[in-house]
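A quick write-up on the structure given underneath.
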Amino acid sequence: MKKIEAIIRPEAFQTLRHDLDTMGINGLTVSEVAGCGQQKGQEGIFRGNRYEVKLYPKVKVEMVCENHEVEGIVDVILQTCATDQVGDGKIFIHPIEDVYRIRTGEQGKKALI
């Protein structure tokens, strides 16, 4: 099993969610996060005071899937979320040893479904 963690632009999430649903991927954890990478800071003014914004709002989408599903999911994320501009995000793939469903105690693939 693998955990796919994608940090994407917030405006790309709804389309990504629809495309993952179409694939049959419906188990997601979604978090609103902020971060920075190669994007340069922006200057803002609030009540007459200048400030620099170094963190940008992003959405982190996490899912655990079987090994054979990883390539298809990554392809969907790349196709859906790419704008060819700095700040499109990153995809991280982590190995998962095991998974348990807390309610029933099911383990492995049964716990994912």
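Modelled label-to-label distance, LEU28 and TYR100, 7 Å Cα→beta-carbon offset: nm?
Taking the two extended label points, one gets 2.9 nm.
Listed here are the pairs LYS60/LYS110; LYS60/LYS109; LYS3/LYS54; LYS3/LYS110; LYS58/LYS109; which of them are more than 19 Å apart at the Cα?
On the way: LYS60/LYS110 25 Å; LYS60/LYS109 23 Å; LYS3/LYS54 28 Å; LYS3/LYS110 16 Å; LYS58/LYS109 30 Å.
The answer is LYS60/LYS110; LYS60/LYS109; LYS3/LYS54; LYS58/LYS109.
Within the chain, what's the longest stretch lacking trypsin sites (Lys or Arg not before Pro) that sit in DSSP loops with no more than 12 other Cβ atoms inside 10 Å?
Values: sites that count: LYS40, ARG47, LYS54, ARG103.
With trypsin sites (Lys or Arg not before Pro) excluded where exposed in loops, the chain gives 55-102 as its longest stretch.
What percentage of the solvent-accessible surface of the chain, computed with a 1.4 Å probe over protein heavy atoms, is contributed by carbon and sulfur atoms? Intermediate results must be reported in sequence, preceding the final value.
Working: 3980 of 8050 Å².
Accessible surface attributable to carbon and sulfur in the chain totals 49 percent.
Accessible area per residue, 1.4 Å probe, Å², for the chain: what's the number? Spell out each step's value before the answer.
Values: 8050 Å² over 113 residues.
Dividing the accessible area of the chain by its residue count gives 71 Å².
Once you list every other residue whose beta carbon is under 14 Å from the beta carbon of ASP75, what net charge do they have if Lys and Arg are +1 and Asp and Glu are -1? Write out the running numbers ahead of the final one.
Values: positive: none; negative: ASP19, GLU69, GLU71.
Net of charged neighbours comes to -3.
Restrict the search to segment 10-96; then list the GluC sites (Glu not before Pro) that DSSP places in a loop and that have at most 12 other Cβ atoms within 10 Å of their Cβ.
Details: sites: GLU11, GLU32, GLU43, GLU52, GLU62, GLU66, GLU69, GLU71; in loops: GLU66.
Sparse-neighbourhood loop GluC sites (Glu not before Pro): GLU66.
Efficiency by 1/(1 + (r/R0)^6): what FRET value for ILE113 and ASP88, r their Cβ-Cβ distance, R0 = 25 Å, to the nearest 0.05? Spell out each step's value before the answer.
On the way: r = 31 Å, r/R0 = 1.24.
The formula returns an efficiency of 0.20 here.
Normalising by the residue count of the chain, find the relative contact order in percent from Cα pairs under 8 Å and 6+ residues apart.
On the way: 168 pairs, mean separation 46.5, N = 113.
Once divided by the residue count of the chain, the mean separation gives 41 percent.
When the Kirkwood hydrodynamic radius is evaluated over all pairs of different C-alpha atoms of the chain, what value in angstrom, to one decimal, is obtained?
Details: mean 1/r = 0.0633 Å⁻¹.
Radius from the Kirkwood sum: 15.8 Å.
The values are calculated or read from the model by the stated rules, or taken from the named source; none is laboratory data. In this text the structure is predicted, and so the values were computed from the model without any measurement. Because the Cβ atoms are built from the backbone with ideal geometry, glycine has one as well, and the counts that use them run over all protein chains shown. Ligands, DNA and RNA are excluded from the accessible area calculation, which covers all protein heavy atoms including side chains. Shrake-Rupley method; radii C 1.70, N 1.55, O 1.52, S 1.80 Å.
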